[in-house]
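Asker: Can you read through this structure? Questions will come right after.
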Amino acid sequence: MFSYYFLRLSGPVLIILFGIKILSGYALTGRIDFKWLEKFHNERIFDMLLLPLFLFHGFYGMRLFILDLGFNKEKLLFWLSTILSLIIYGLIYFFVL
């Protein structure tokens, strides 16, 4: 049940956060005049919050898709998607960020 609510709530949050990320990129180019967004674009904390939200939303979405196809192991898919998200997040954090 957690993954269902997380999926429903993380979608709008992702839209807002990606919108802020895009606007902050435009602020860096000088096309819009929002000085506070320029500092926000390079914040590592923002990226570290956006990445796991994106990963968990994607993997829980795939889990829901597989459940809709008729696979009955709901707990197995929950833990599999959670563990895969954590592994990928850890790899990206260690190698990229």
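Asker: Which of the residues that make up segment 1-50 are within 24 Å of residue 85 (Cα to Cα), among the aromatic types (Phe, Trp, Tyr) and open to solvent by 70 Å² or more (accessible area, probe 1.4 Å)?
Answerer: Passing the criteria: 2, 4, 5, 18.
Asker: Need at least 1 residues that are of a type in the set (Gly, Ala, Ser) and out of contact with any Lys or Arg (no Cβ under 9 Å at 6 or more places or on another chain) per element, so show me which helices (runs of 4 or more DSSP H) inside the chain make the cut, counting only ones lying wholly within it.
Answerer: Of the helices (runs of 4 or more DSSP H) lying wholly inside the chain, those with at least 1 residues that are of a type in the set (Gly, Ala, Ser) and out of contact with any Lys or Arg (no Cβ under 9 Å at 6 or more places or on another chain) span 2-29, 44-68, 74-95.
Asker: Within segment 73-81, is there a residue that is closer than 22 Å to residue 15 by Cβ and out of contact with any Phe, Trp or Tyr (no Cβ under 7 Å at 6 or more places or on another chain)?
Answerer: No, segment 73-81 contains no residue that is closer than 22 Å to residue 15 by Cβ and out of contact with any Phe, Trp or Tyr (no Cβ under 7 Å at 6 or more places or on another chain).
Asker: Please enumerate the residues belonging to segment 54-63 that are of a type in the set (A, V, I, L, M, F, W, C) and surrounded by 16 or more Cβ atoms within 10 Å (Cβ to Cβ).
Answerer: Those that are of a type in the set (A, V, I, L, M, F, W, C) and surrounded by 16 or more Cβ atoms within 10 Å (Cβ to Cβ): 54, 55, 56, 59.
The values are calculated or read from the model by the stated rules, or taken from the named source; none is laboratory data. In this text, all values refer to a predicted model and were calculated from it rather than measured experimentally. Here Cβ is always computed from backbone atoms with ideal geometry, including for glycine, and neighbour counts include all displayed protein chains. All accessible areas refer to the heavy atoms of the entire protein, side chains included, with ligands and DNA or RNA removed. Shrake-Rupley method; radii C 1.70, N 1.55, O 1.52, S 1.80 Å.
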